[in-house]
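See below for the structure under consideration.
Nothing in this text is a laboratory measurement; each read-out follows from the coordinates by a stated rule. Quick caveat, the model's predicted, so the values are computed rather than measured. Cβ atoms come from the backbone with ideal geometry, glycine included; neighbour counts cover every protein chain shown.
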Amino acid sequence: MLKGKNAIVTGSTSGIGLAIAHTLASEGCNILLNGFADKAAISALVSELQQTYKVKVDYSPADMSKPADIANMASMCDRVFGSTDILVSNAGIQFTAPVEEFPADKWDAIIAINLSASFHAAKAVLPGMKKRNFGRIVNIASVHGLVASEHKAAYVAAKHGLVGLTKVIALENAQANITCNAICPGWVHTPLVQKQIEDKAKEENISVEQATANLLGEKQPNKRFIQPENIGALIAFLCGDNGAAMTGEILTIDGGWTAQ
Ligand code: NAD
């Protein structure tokens with residue numbers, strides 16, 4: 001369905017971003033991977049995607065906290081593949097603490113990576129998308145773009161900001177064939193969430209299994225993790241012809257979290 005389209009997926013060496021890269025590649029997209037991992041793991045990932053899906057795959061080491069790196073990543077995609085048709089801004093980090101104990105450097109890093117990076121990336125790819133009259137931008141926000149949880153000041157602020165940024169980009173490009181949408185997942189079992197589970201288990205002196213059950217039970221009515229492949233499939237839909245009129249949408253995939 002997306003054969004020959006060129007996609008950047010930030011933070012695609014792990015978790016949700018990796019699943020998105022797989023789904024888009026399986027639809028025929030060439031993929032520019034990004035994120036942190038050791039050299040061997042990155043080469044293995046590039047080869048795996050190339051061989052499995054017979055698409056072009058490359059890797060950008062851009063650090064999403066650095067605007068100049070983000071601009072380089074966008075120009076690399078144009079240089080290597082010929083254009084950037086799809087941008088999935090997915091890279092993200094987490095840190096939890098009450099506001100009065102929240103380290104200022106953690107606040108700055110989360111705002112930079114979870115919010116500002118999406119602005120810089122969109123800014124870099126939009127001129128090319130406008131020229132070709134095609135573009136699909138998907139920002140991976142979170143249920144925390146719509147509702148809050150305690151101890152997540154920077155994350156909640158960044159994700160609420162990302163929801164707002166998504167709507168502005170959608171409006172500014174509504175008359176071009178360029179859409180911008182945000183996806184707001186609930187709990188997905190990735191390294192980012194595993195760390196929170198292990199921290200909770202330690203803090204409350206309970207088993208990891210109990211901490212996992214508590215985590216799901218507290219917020220997510222279906223009490224199951226969201227599968228990252230389901231997020232990939234939603235993005236493939238948004239990037240295809242049937243998604244052409246969906247823009248400025250804030251789509252939850254959250255097992256009922258925000259229905260409460
Ligand atoms: P993850 O930790 O598994 O993956 C994060 C990815 O971002 C990795 O590839 C990592 O290398 C990359 N990354 C981190 N800092 C970076 C930087 N400075 N520059 C470039 N890449 C960087 O996490 P995940 O759970 O897959 O999260 C992916 C996105 O989904 C994040 O934006 C997160 O906020 C969002 N999200 C996750 C959940 C969840 O439950 N896991 C729920 C809602 C939203």
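Among the listed pairs LYS3/LYS66; LYS106/LYS195; LYS3/LYS39; LYS123/LYS167, give every one whose C-alpha distance is greater than 23 Å.
On the way: LYS3/LYS66 31 Å; LYS106/LYS195 16 Å; LYS3/LYS39 28 Å; LYS123/LYS167 14 Å.
Over 23 Å Cα-Cα: LYS3/LYS66; LYS3/LYS39.
Can you tell me how much longer the chain between ASP199 and GLN175 gets when fully stretched, taken as 0.36 nm per residue apart minus their C-alpha distance, in nm with one decimal? Write down the numbers at each step before the final one.
On the way: separation 24, 0.36 × 24 = 8.64 nm, distance 4.66 nm.
Gain on extension, ASP199 to GLN175, equals 4.0 nm.
Grab the DSSP H runs of the chain that are 4 residues or longer, score each as -39,500 (n - 2.57), total them, divide by all residues and round the 222 nm result to the nearest 500 deg cm²/dmol.
That comes out to -15500 deg cm²/dmol.
Can you give me the relative contact order of the chain as a percent, contacts being Cα pairs under 8 Å and 6 or more apart?
Details: 503 pairs, mean separation 51.5, N = 260.
After rounding, I find 20 percent.
What lysines does LYS130 reach when the alpha-carbon gap must be under 17 Å and sequence neighbours fewer than 8 apart in one chain are set aside?
LYS5
Using the beta-carbon distance between LYS39 and LYS130 and R0 = 30 Å, what value does 1/(1 + (r/R0)^6) give for FRET efficiency, to the nearest 0.05?
On the way: r = 36 Å, r/R0 = 1.19.
The value I calculate is 0.25.
At a Förster radius of 25 Å, what calculated FRET efficiency corresponds to the Cβ-Cβ distance of ASN230 and VAL168, to the nearest 0.05? Show your work: numbers first, answer last.
Working: r = 27 Å, r/R0 = 1.08.
Result of the calculation: an efficiency of 0.40.
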